[in-house]
Each structure stands twice: as structure tokens, then as C-alpha cells.
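The values are calculated or read from the model by the stated rules, or taken from the named source; none is laboratory data. None of these values were measured; they are calculated from a predicted model. All Cβ positions, even for glycine, are placed from backbone atoms using ideal geometry, and neighbour counts span all protein chains on display. Heads up: the accessible areas ignore ligands, DNA and RNA and are worked out on the full protein's heavy atoms, side chains in. Shrake-Rupley method; radii C 1.70, N 1.55, O 1.52, S 1.80 Å.
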Amino acid sequence: GINAEYGEEQMGEQTKGYVVIATMSSMGEEVSARGKIMIFDVMEVVPDPEKPLSGYKFKCLYDKEQKGPVTEIDCILGHIISAIGQKIYVWSFVNNDLVGVAFIDTQIYIHSISVIKNFVLYADITKSISLLTFDRECKTLSVISRDFEPMEVYRTAFVVDGTNLGFMVSDSNCNLVIYVYQPESVDSQGGMKLIRKSDINIGAHVNTFIRTGIRIHDGSILGTTSASSLLHPSEKRHVTWFGTLDGAIGSFLPLAEKRYRRLFMLHNKLVTAVPHVAGLNPKKFRTAKMPGRWLMNPHRNILDYQLLTSFLS
């Protein structure tokens with residue numbers, strides 16, 4: 001697989017964008033898998049008069065093989081962060097070469113990394129998720145918290161709800177699970193364990209996430225001041241979009257507590273008041289599926305928008 005992300009090279013106080021590509025090649029079980037990290041610069045050239053879109057070309061600045069398969073790559077604070085097998089490396093691109101800045105050993109195999117500011121959320125193929133922090137001054141990667149329960153994770157993403165930050169995970173049982181970091185909670189064991197807050201089953205495997213800001217449309221606001229800048233920081237939320245392996249697209253939006261309570265009562269009423277297709281129960285279908293006999297109850301706390309829209313029809 002190939003993952004394309006933007007990295008940056010530090011040049012004093014200035015930064016320059018690059019296109020960074022990670023590859024992996026598997027030649028069978030008898031030969032160990034290998035991968036590459038390639039860095040390209042986008043150069044502006046004289047376009048062909050017959051092809052006006054040919055004014056740019058790629059120039060390869062770095063192309064070297066790594067010690068293992070490069071399963072994920074991203075950028076963090078002007079550095080490149082990559083997952084190679086069970087190790088996570090932070091690189092600095094200096095003089096057309098990658099210089100190691102920090103690394104950390106993980107558990108089994110890392111295949112998903114999400115970055116926001118100096119926080120790194122990574123997913124292990126069987127050991128669920130962990131939250132890291134990167135200190136640029138000390139050049140260290142350190143573990144903040146993680147989930148202790150085993151889980152076959154497909155993809156990870158951050159959930160931004162104003163000043164609150166959550167961690168969304170999709171697993172092999174077609175569930176979407178949201179964790180939070182609450183060190184003041186007794187269940188977090190002093191902040192070492194991530195708290196499972198919400199879960200829902202969507203009936204399909206999610207393999208990608210993307211997070212976008214909410215666009216505010218208000219005709220009463222004139223001038224150059226944007227509507228989003230007038231909102232309180234706690235009211236600024238991001239929409240988390242997800243795509244499934246069967247071709248579906250969905251979204252997740254955090255709600256205020258008061259609005260959620262109102263919709264939650266309506267949601268429970270619609271479960272019994274509206275006739276459903278083939279008499280199926282949407283509440284049962286949306287309940288998170290647990291592998292085997294887990295000593296854990298579903299947390300829910302996520303509303304089904306498709307069911308709520310039936311109130312309007």
C-alpha cells in the first residue's frame with residue numbers, strides 16, 4: 001500500500017512542504033517484507049501550451065529502503081512520523097536525508113497513525129489503541145495512556161468537540177468506538193487507561209476517516225468577520241467523516257448535552273412507535289457487537305440519524 005502525506009523541513013523559522021510516500025512490498029512468507037520512504041518536491045515548470053495543467057512536476061529528493069514495511073506515515077510539528085513494523089520513528093529531513101529524532105517500541109504491529117498537534121494516536125493490529133505525546137525540545141516519544149482490552153482495529157481518528165478531544169476507532173466487528181482521556185476518573189487508573197465512552201455498530205468495516213470543520217451559514221452576519229470566529233471555543237466542533245469497505249460514506253458530529261438529551265428521548269420513542277422494515281429492531285442492530293464473552297456492557301451514547309429522520313416523514 002502507498003500512503004501520501006505532507007511533511008515539512010525546518011529551515012530556521014520557515015518551513016517547506018513536501019510530498020512523502022511510504023511503500024511496502026511483500027514477497028511471501030520466506031522473504032521478510034521491506035518498505036521505502038520517498039520524498040518529492042513539487043516544482044513549477046513552464047507548461048506546455050497545449051496542456052495548461054502541466055506546469056508542475058515531481059522531483060525525487062529521497063528514496064531509500066527501510067528495515068521493515070512502512071505501514072503508515074504522517075507529519076508532526078515539522079517532522080515525519082512513520083510506523084515500521086512494531087516501531088514508530090520520528091524523522092527530520094535535513095540536507096536531503098532523513099535523520100532520526102525519536103523512536104518508541106510498541107507491542108505487535110502498527111498499521112494506523114493519527115496526529116493532531118503533538119499528540120499521536122496509533123492502532124495495533126490486535127492490541128487496540130495507545131496515545132503518545134512528542135516533545136520536540138527533548139526529542140522523545142512517550143506513552144500517555146492506552147486501552148487495555150484487545151481489539152482488532154481497522155482505523156483511528158480524533159474527535160474534536162470544542163475544547164474536548166476524543167479518539168474514534170473502527171474495529172473488525174463493524175463497530176465505531178469513542179475513547180476519552182480522563183485521568184481524574186477512577187476507572188482510568190490514574191490516567192493510564194483510556195475510558196470507553198460511546199460505541200455503535202454500523203454494519204460495515206470502516207477503513208478511512210477524515211475530519212473537517214463545520215461551515216456556519218448565517219445571513220445576518222455581514223462584513224469580513226466569519227461566523228465561526230464569533231462562536232465560543234466550546235461550540236466549535238469538527239465533523240468526522242468515514243468511508244466503509246462496501247462503498248458507503250457516513251459522518252459523526254458531537255452534540256451539546258442538552259440537545260443530545262432531547263434527541264435521545266425522541267430516539268427511544270421512535271424505536272417502538274415507528275414500523276420498521278421486516279420488523280427489525282434498530283436499537284438492537286446499532287448495539288456494539290462484542291467478540292466472545294466480554295465482561296463489558298455496550299455504552300451506546302451515539303444516536304442513529306437515519307432513525308431520527310423518520311420523525312420528519
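Principal-axis analysis of the Cα atoms of the chain puts helix 257-273 at an angle of about 60° to the longest axis.
Each other residue within a Cβ distance under 13 Å of residue 100 adds +1 if Lys or Arg and -1 if Asp or Glu, for a net charge of +3.
Determine the sum of side-chain charges near residue 160: Lys and Arg each +1, Asp and Glu each -1, restricted to other residues whose C-beta is under 9 angstrom from that of residue 160. List each step's numbers first, then the result.
Numbers: positive: 211, 236, 237; negative: 161.
Result for the local shell: +2.
Suppose accessible area is computed on protein heavy atoms with a 1.4 Å probe; arrange 59, 16 from highest to lowest.
59, 16
This model, with +1 at the C-beta of Lys and Arg and -1 at the C-beta of Asp and Glu, gives the chain a dipole about its Cα centre of some 1300 debye. Among 66-72, 206-212, 137-143, the peptide with the highest mean count of other Cβ atoms within 10 Å heads the list, and the full ranking is 66-72, 206-212, 137-143. Under the shape rule built on the C-alpha gyration tensor, where the axes satisfy a ≥ b ≥ c, region 11-89 is oblate, since a/c reaches at least 1.5 while a/b does not exceed b/c. Between region 185-206 and region 58-112, how many Å separate their Cα centres? Here the two parts' Cα centres lie 28 Å apart. Look at (1) 0.99; (2) 1.20; (3) 1.01: the one that is Rg/Rh (Cα atoms, Kirkwood Rh) derived from this structure is (3). Note on region 7-160: with charges restricted to the Cβ of Lys and Arg (+1) and Asp and Glu (-1), its dipole about the Cα centre is near 100 debye.
Largest first, what is the accessible-area ranking of 308, 245, 194, 165 with a 1.4 Å probe? The partial results should precede the final answer.
Details: 308 25, 245 110, 194 0, 165 60 Å².
My answer, sorted largest first, is 245, 165, 308, 194.
When 60, 174, 75 are compared by accessible surface with a 1.4 Å probe, the order from highest to lowest is 60, 75, 174.
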